[in-house]
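Engineer: Handing you this structure, nothing more for now.
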Amino acid sequence: MVADPVMARLRATGGDGGLAACLRLRSTVMQNHGLRTLFSHARVARLATVGADGLPHLVPITFALAGEVIYFAVDGKPKSTRKLRRLSNIDATGRACVLVDHYDDDWSRLWWVRVDGRAEVLAPDDGRIIAGLAALTAKYPQYHQAPPGGPVVAISASAWRGWSATTA
């Protein structure tokens, strides 16, 4: 089983570092600070978009959170095509949903965080590209040697939702 870095940090610190608070709930709905912390520490997410034709599309992405903006970029990993449906869907609808989650065979450790927002493929001269690439490079060491060269997408968070099986 591949270790989840959020849960590994939680276990290693005995709850230090603010991550223990991420799993505390008043009920089954998580607090906003905890949602953002769990979300920002996740290494991979799932991006959901819908095209103008109404068909859903779901793909894994690497991402970085900077304030209330989620950035991802098309990088050099092999793709089946350079005309990516995620980008055309964002151009068509301007909407996206990003999900991170943690699975464990101990179901008391399950959690998920979902962010809905307004998405846009940034124009090549948009100043936010620099902020997005800086956030991505800071999070993923792989981008130090091979920074993403494709389009950068910014998703402005409009709604945060989450759930955790743990109450303490």
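The values are calculated or read from the model by the stated rules, or taken from the named source; none is laboratory data. None of these values were measured; they are calculated from a predicted model. As a convention, Cβ positions derive from the backbone with ideal geometry for all residues, glycine included, and neighbour counts pool all protein chains shown. Accessible surface is based on the protein model in full, side chains and every heavy atom, while ligands, DNA and RNA are left aside. Shrake-Rupley method; radii C 1.70, N 1.55, O 1.52, S 1.80 Å.
Engineer: Taking Thr37 and the conditions (1) more than 22 Å from Val152 (Cβ to Cβ); (2) touching a Leu at 6+ places or on another chain (Cβ under 8 Å); (3) touching a residue at least 24 places away in the same chain (Cβ under 8 Å), which numbered condition does it fall short on, given that it satisfies the others?
Structural biologist: (3)
Engineer: Which helices (runs of 4 or more DSSP H) sit wholly inside segment 58-168 and have at least 1 residues that are of a type in the set (D, E, K, R) and open to solvent by 30 Å² or more (accessible area, probe 1.4 Å)?
Structural biologist: It comes to 85-93, 128-139.
Engineer: Additional query: Tell me, which residue of segment 47-57 that is assigned to a strand (DSSP E or B) and hydrophobic (A, V, I, L, M, F, W, C) is farthest from the chain's Cα centre (by Cα)?
Structural biologist: Of everything passing the filter in segment 47-57, Val50 is farthest from the chain's Cα centre (by Cα).
Engineer: Exactly one of (1) at pLDDT 95 or above; (2) touching a Gly at 6+ places or on another chain (Cβ under 9 Å) is unmet by Gly150. Its number?
Structural biologist: Going through the list (1) at pLDDT 95 or above; (2) touching a Gly at 6+ places or on another chain (Cβ under 9 Å), Gly150 breaks only (1).
Engineer: Also: Residue pairs, Cβ under 7 Å, 6 or more apart or interchain, first in segment 140-168 and over 20 Å from Ile90 (Cβ atoms), second outside any strand (DSSP E or B) and polar (S, T, N, Q). List them.
Structural biologist: Listed by first residue and then by second, the contacts come to Tyr140/Thr62; Tyr143/Thr137; His144/Thr137; Pro147/Thr137; Trp163/Thr28; Ala165/Ser108; Thr166/Ser108.
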